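The values are calculated or read from the model by the stated rules, or taken from the named source; none is laboratory data. If you're wondering where the values come from, they're calculated on a predicted model, not measured in any experiment. A quick note on method: Cβ atoms are made from the backbone with ideal geometry, for glycine too, and the neighbour counts reach across all protein chains shown. The accessibility values were calculated without ligands, DNA or RNA, using every heavy atom of the protein model including side chains. Shrake-Rupley method; radii C 1.70, N 1.55, O 1.52, S 1.80 Å.
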Amino acid sequence: MKLFSSVHDVTDINALVAEALKLKQDPYAHQHLGKNKTLGLVFLNPSLRTRMSTQKAGLNLGMNVMVLNIDKEGWALELQDGAIMNGTTVEHIREAAAVMGQYADIIGVRSFPGLKDREEDYSEAIFNKFVKFCGVPVVSLESATRHPLQSLADLVTIQELKTTARPKVVLTWAPHIKALPQAVPNSFAEWMCKADVDFTIAHPEGYALSSDFTSGATITHNQDEALKDADFIYVKNWSAYEPYGQITGGNEDWMLTNEKLAPTNNAKVMHCLPVRRNLELSDEILDGPNSIVVHEAGNRVWAAQAVLKQMLESL
Amino acid sequence: MKLFSSVHDVTDINALVAEALKLKQDPYAHQHLGKNKTLGLVFLNPSLRTRMSTQKAGLNLGMNVMVLNIDKEGWALELQDGAIMNGTTVEHIREAAAVMGQYADIIGVRSFPGLKDREEDYSEAIFNKFVKFCGVPVVSLESATRHPLQSLADLVTIQELKTTARPKVVLTWAPHIKALPQAVPNSFAEWMCKADVDFTIAHPEGYALSSDFTSGATITHNQDEALKDADFIYVKNWSAYEPYGQITGGNEDWMLTNEKLAPTNNAKVMHCLPVRRNLELSDEILDGPNSIVVHEAGNRVWAAQAVLKQMLESL
Amino acid sequence: MKLFSSVHDVTDINALVAEALKLKQDPYAHQHLGKNKTLGLVFLNPSLRTRMSTQKAGLNLGMNVMVLNIDKEGWALELQDGAIMNGTTVEHIREAAAVMGQYADIIGVRSFPGLKDREEDYSEAIFNKFVKFCGVPVVSLESATRHPLQSLADLVTIQELKTTARPKVVLTWAPHIKALPQAVPNSFAEWMCKADVDFTIAHPEGYALSSDFTSGATITHNQDEALKDADFIYVKNWSAYEPYGQITGGNEDWMLTNEKLAPTNNAKVMHCLPVRRNLELSDEILDGPNSIVVHEAGNRVWAAQAVLKQMLESL
């Protein structure tokens with residue numbers, strides 16, 4: 001594998017999930033693969049789970065890992081081609097990416113969307129420029145429109161904990177006070193649409209995701225109906241795709257509570273984290289027996305390790 | 001050892017000191033213990049010595065070490081239970097700690113007190129929540145009321161350099177312009193009260209430490225008297241315990257000088273660092289032959305390594 | 001080697017360049033040298049290339065590497081001797097350096113000049129205090145007046161890519177909007193003056209470098225004349241040495257373009273990076289076949305590794 005930016009970069013998602021679960025059983029079996037190989041993790045935005053789990057995945061594979069918070073530790077990046085750089089940006093992404101490709105065998109990049117210009121965000125300009133100019137395999141650590149390591153860990157978790165052959169998985173919108181990216185729900189949706197699950201998306205009117213990611217899903221504005229018989233509930237806020245990046249307020253009753261779990265099949269509750277308690281998800285859910293959010297976060301290691309292993313094998 | 005938060009977590013302090021001094025002679029003898037084990041160091045506040053010495057201690061033991069400046073690189077933490085997180089905090093300590101416990105075999109945490117609410121600080125709410133929710137052994141990298149790795153290194157230093165069986169050790173308050181925590185003096189006091197030393201605390205009126213930490217010590221407001229025949233002088237500023245977190249100004253004459261060393265037993269001068277020169281401690285002391293502050297800082301490695309070794313043995 | 005602060009610390013620059021090129025062919029041949037040795041990289045300023053390449057060089061040699069952004073992660077440093085530290089600085093460089101020397105076998109330090117006080121900057125006060133007080137070998141990661149790892153990588157690159165025995169190398173000033181240090185051009189000049197090259201410096205009036213660094217070079221204000229028959233062109237902005245740290249504006253026509261390459265010997269274009277596109281260097285140069293800036297940045301690894309190897313051998 002030379003690129004891991006979306007589900008479309010994966011030939012066989014079931015095989016990748018199986019690989020991750022196998023690595024979970026035997027994490028250190030492949031340390032020869034990463035010997036004297038360097039993983040460079042580049043952050044343009046904050047990160048806890050992605051940072052630590054991907055770092056650990058690389059170390060488990062015997063790699064050296066170098067972490068760079070580029071805007072804080074390095075130089076302010078220019079992203080526009082043709083720019084006359086007489087302002088505040090000090091280094092163009094073309095040079096920054098190319099140089100990092102000299103120092104790392106595999107690069108991971110995190111860059112969030114601006115949520116101002118949909119076309120720009122959905123063109124994945126920053127992430128794609130990194131890929132184009134760094135010259136080495138790249139793994140997305142969350143880009144403007146997708147978070148594929150998260151989605152793979154989510155699918156690993158569902159595969160690991162499901163009790164029926166084809167579970168019902170519901171992605172439900174949750175309230176928030178800030179405009180958040182669509183990256184996690186987009187990505188989760190496109191992975192679930194390819195997985196062997198019965199997949200439903202529930203959200204208030206005005207929060208439809210781009211159909212590029214949701215083709216094949218059942219979509220409803222009725223949360224109660226969606227949750228009926230659910231085996232897994234994936235809770236996540238996102239801002240509107242149209243009008244882009246907007247939030248309307250209201251819809252506080254979309255926060256998941258124990259009461260809403262009643263008609264489910266004793267559903268396991270997932271969230272990518274960080275989660276705002278008692279806004280997106282109630283304390284009673286997060287501290288109760290149905291939450292698997294910490295277990296899910298733990299699986300981030302094996303998802304990252306499966307991807308890095310395939311990349312190392314292709315070097 | 002599953003927890004290192006205070007002297008009370010140590011069964012035999014003399015044995016732990018001996019272990020540290022043995023590791024100093026042979027630092028790399030136990031690298032099998034840490035192989036494929038991960039040490040996660042989490043900072044909510046600045047750190048130089050603790051950061052570098054604990055990182056080095058983990059590496060000496062063959063561990064992988066991941067460092068996270070959580071508020072700068074991760075997400076702003078919510079600490080209050082039951083909070084409706086519709087403000088500036090993005091992640092609750094419950095999730096943050098639990099998730100880090102998925103990625104690390106041992107976690108170190110640094111979190112300073114607010115110095116506003118004594119009950120809250122002395123309940124060690126942040127540190128204890130980390131311990132409660134992360135699910136793996138935790139070592140304090142300085143908490144609101146204690147700095148046990150520092151105190152252990154201090155005792156190691158005294159044991160290593162003492163010239164009499166039972167040295168006289170004096171903790172003396174020093175001037176400062178800011179209100180500092182009581183963590184270092186509290187911690188030093190409770191370790192010294194358990195060690196085989198003659199222990200005196202000297203401070204101006206108004207700076208009494210909590211008796212929970214000083215039981216067994218001689219306490220005086222007369223610095224000259226305290227210093228008489230001292231073998232080791234531990235210099236440190238702290239703010240008042242009552243009224244909590246206050247500083248009164250004045251007492252500049254409490255700064256240690258060479259003149260004040262005259263009646264001592266050619267005392268060795270200690271400080272946890274960082275030290276404000278010519279405010280807490282004079283240049284002449286720090287640059288003179290009696291200062292052992294750098295040697296003391298060097299011993300931080302062996303203190304941390306002794307604790308981590310015992311934790312690794314208990315995994 | 002105990003110190004790498006300038007070309008004057010190198011006994012035989014040709015041997016050092018040869019060593020770097022040999023390491024490039026066989027990067028992992030000396031991992032026994034760095035086993036259980038610690039490289040401490042201390043940054044008082046931003047860094048991308050130096051940070052990553054030196055970190056990688058240490059890892060290639062089997063070292064443990066600890067990185068500290070001291071002002072952000074540690075404590076605000078006091079630099080003045082005799083200071084009464086009752087202001088904003090928390091730790092004196094004397095203690096900070098000495099303590100880091102307890103934790104690292106080799107230390108790298110980056111500290112930029114203030115560009116206010118020439119005498120202070122050119123005394124290399126910060127860097128020299130680190131060297132004096134840390135007690136272990138020190139490698140400059142760019143100091144107030146020099147950037148020797150960059151210059152060594154530059155010479156490695158010229159040696160590697162030259163097509164004539166004694167190439168013509170031109171250092172040409174480039175436009176900028178900010179006052180930049182003279183460290184890179186000073187350092188490049190003093191290395192080129194010692195290397196087996198024909199060396200010319202071109203700059204507008206008012207931007208003469210200190211003659212301490214340029215003795216032996218041909219110096220001109222005529223860029224066109226300088227570029228004639230050039231084999232390598234090193235592009236770099238710097239502020240005035242006299243009046244110190246000033247920039248006058250204008251001179252935009254000094255930006256290198258393809259047109260200016262015509263009279264050269266199909267010159268290879270170098271820059272230390274970061275580079276401001278279309279201000280210092282045109283897109284057409286950077287994206288064209290003559291630019292070797294990324295290759296040059298890649299050679300930073302081997303330059304650093306050659307220096308660290310010699311330091312490890314002298315421990």
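Simple spin-label model, 7 Å along Cα-to-Cβ: residue C:179 to residue A:71 in nm?
Simple spin-label model gives 2.9 nm for this pair.
I'd like the interface area for chains B and C: accessible area of each alone minus the complex, both sides summed, 1.4 Å probe, protein heavy atoms only. What is it in Å² to the nearest 100? Kindly include the intermediate steps, with their values, before the conclusion.
On the way: alone 13780 and 13810 Å², together 24770 Å².
It comes to approximately 2800 Å² buried between B and C.
Explain nothing, just the number: dipole magnitude of segment B:150-297 about its Cα centre with +1 on each Lys and Arg Cβ and -1 on each Asp and Glu Cβ, in debye rounded to the nearest 20.
Values: 11 positive and 20 negative charges, 46 e Å.
The calculated dipole for segment B:150-297 is roughly 220 debye.
What percentages, rounded to whole numbers, describe P(r) for segment A:150-297 computed over all alpha carbon pairs with 10 Å bin width beginning at zero?
12, 48, 36, 4
Tell me the distances, shortest first, between residue A:160 and the same position across the other copies, using label points 7 Å along Cα→Cβ, in nm to one decimal.
Counterpart label points of residue A:160 in the remaining copies fall at 4.3, 4.3 nm.
Using Cα pairs under 8 angstrom and six or more residues apart, how large is the relative contact order of segment B:150-297, in percent? Provide the component values of the computation, followed by the final result.
On the way: 274 pairs, mean separation 41.5, N = 148.
About 28 percent, as a whole number.
Report the FRET efficiency, 1/(1 + (r/R0)^6), for residue C:193 and residue C:84, where r is their Cβ-Cβ distance and R0 is 51 Å, rounded to 0.05. Write down the numbers at each step before the final one.
Values: r = 44 Å, r/R0 = 0.85.
Once the sixth-power term is evaluated, E becomes 0.70.
Calculate the dipole size of chain B relative to its Cα centre from +1 charges on Lys and Arg beta carbons and -1 charges on Asp and Glu beta carbons; express the result in debye to the nearest 20. Intermediate results must be reported in sequence, preceding the final value.
On the way: 29 positive and 38 negative charges, 196 e Å.
Dipole about the Cα centre, nearest 20: 940 debye.
Grab the other residues whose beta carbon is less than 12 angstrom from that of residue B:156, score K and R as +1, D and E as -1, and report the net.
0
If one puts a single equal scatterer on every Cα of the protein assembly as shown and applies the Debye formula without solvent, what log₁₀ I(q)/I(0) results at q = 0.05, 0.08, 0.10 Å⁻¹?
So the normalised log intensities are -0.32, -0.83, -1.21.
Give the distance, in whole Å, between the Cα centre of segment C:217-295 and the Cα centre of segment B:1-61.
Segment C:217-295 and segment B:1-61 have Cα centres spaced 52 Å from each other.
Report the label-to-label distance for residue B:11 and residue B:229 in nanometres (one decimal), using points 7 Å from each Cα along the Cα→Cβ vector.
3.7
With every protein chain left in place, what is the accessible area per residue of chain C in square angstrom, probe 1.4 Å?
Details: 10980 Å² over 315 residues.
About 35 Å² of surface per residue is accessible.
Using a label point 7 Å beyond Cα on the Cα-Cβ vector, give me the inter-copy distances for residue A:84 in nanometres, one decimal, shortest first.
So the distances to the same position in the other copies read 5.2, 5.3 nm.
Could you size up the charge dipole of the protein assembly as shown around its Cα centre, putting +1 on the beta carbon of Lys and Arg and -1 on that of Asp and Glu, and report it in debye to the nearest 20? Walk me through the intermediate numbers first.
Numbers: 87 positive and 114 negative charges, 450 e Å.
For this selection, approximately 2160 debye.
Of B:298, A:126, B:185, which is farthest towards the positive pole of the protein assembly as shown's charge dipole, taken about the Cα centre with +1 and -1 on the beta-carbons of Lys, Arg and Asp, Glu respectively?
Among B:298, A:126, B:185, the one farthest towards the positive end of the dipole of the protein assembly as shown is B:298.
Let me check against my output: what whole-number percent is the relative contact order of segment C:257-315, with C-alpha pairs under 8 Å and at least 6 apart?
35
Note the angle between two axes, namely the Cα long axis of helix C:125-134 and the longest principal axis of the Cα atoms of chain C, as a number of degrees from 0 to 90, rounded to the nearest 10.
40
What are the nm distances, shortest first, from residue B:266 to its equivalents in the other copies, labels at 7 Å along Cα→Cβ?
7.5, 7.5
Shielding of A:272-281 by partners, i.e. mean partner chain Cβ atoms within 10 Å per residue?
Working: counts 0, 8, 13, 6, 10, 13, 6, 5, 1, 2.
Averaged over the peptide's residues, the number is 6.
Reachable aspartates and glutamates from residue A:260, Cα under 17 Å, same-chain residues fewer than 8 places away excluded?
A:224, A:225, A:229, A:231, A:252, A:280, A:283, A:284, A:287
Just want to confirm a number: the relative contact order over chain C, from Cα pairs under 8 angstrom separated by 6+ residues, in percent.
Values: 631 pairs, mean separation 65.1, N = 315.
It comes to 21 percent, rounded to a whole number.
Where in segment C:207-315 are there trypsin sites (Lys or Arg not before Pro) that are in a DSSP coil and have at most 16 other Cβ atoms within 10 angstrom of their Cβ? Kindly include the intermediate steps, with their values, before the conclusion.
Values: sites: C:228, C:236, C:260, C:268, C:276, C:277, C:300, C:309; in loops: C:228, C:276.
Within segment C:207-315, the qualifying trypsin sites (Lys or Arg not before Pro) (loop, at most 16 other Cβ atoms within 10 Å) are C:228.
Quick check: convex hull over the Cα atoms of chain C, volume per residue in Å³, rounded to an integer?
Considering the Cα atoms of chain C, their hull volume per residue is 127 Å³.
Give me the Å³ per residue figure for the convex hull around the C-alpha atoms of segment C:175-216. Before the final figure, lay out each step's value.
Working: hull volume 3.4 nm³, N = 42.
Considering the Cα atoms of segment C:175-216, their hull volume per residue is 81 Å³.
Select the chain B residue whose beta carbon lies nearest to the rotation axis carrying chain B onto chain C, and write the distance in whole Å.
B:72, 4
Viscosity 1.002 mPa s, temperature 20 °C: what is the translational diffusion coefficient of segment C:198-261 from Stokes-Einstein with a Kirkwood Rh over Cα pairs, rounded to a whole number of µm²/s?
On the way: Rh = 12.8 Å.
Once the numbers are plugged in, D ends up at 168 µm²/s.
Using every pair of alpha-carbon atoms in segment C:28-150, split the distances into 10 Å bins beginning at 0 and state the percent of pairs per bin, rounded to integers.
The percentages, shortest bin first, are 13, 44, 33, 9, 2, 0.
Report, in degrees rounded to the nearest 10, the 0 to 90 angle that the Cα long axis of helix C:13-25 makes with the longest principal axis of chain C.
The two axes meet at around 80 degrees.
What percentage of the solvent-accessible surface of segment B:150-297, computed with a 1.4 Å probe over protein heavy atoms, is contributed by carbon and sulfur atoms?
Details: 2460 of 5370 Å².
Looking at segment B:150-297 in its full context, I get 46 percent from C and S.
To the nearest 10 degrees, how steeply does helix B:183-194 sit against the main Cα axis of chain B, on a 0 to 90 scale?
70
Starting from one equal scatterer on each C-alpha and no solvent at all, send me the Debye-based log10 I(q)/I(0) for segment B:91-221 at q = 0.11, 0.14, 0.21 Å⁻¹, two decimals.
For segment B:91-221 at q = 0.11, 0.14, 0.21 Å⁻¹, log10 I(q)/I(0) is -0.47, -0.72, -1.21.
In whole Å, how far is the Cα centre of segment C:84-143 from that of segment B:144-166?
Distance between centres, Cα-based: 29 Å.
Among the listed pairs C:56/C:162; A:35/C:236; B:35/C:2; B:56/B:162; B:268/C:309, which are separated by more than 30 Å between their Cα atoms?
Working: C:56/C:162 26 Å; A:35/C:236 38 Å; B:35/C:2 32 Å; B:56/B:162 26 Å; B:268/C:309 38 Å.
As for pairs spanning more than 30 Å Cα to Cα, those are A:35/C:236; B:35/C:2; B:268/C:309.
Projected onto the charge dipole of the protein assembly as shown (+1 at Lys/Arg Cβ, -1 at Asp/Glu Cβ, origin at the Cα centre), which of C:221, B:40, A:45 gives the Cα projection farthest towards the positive end?
B:40
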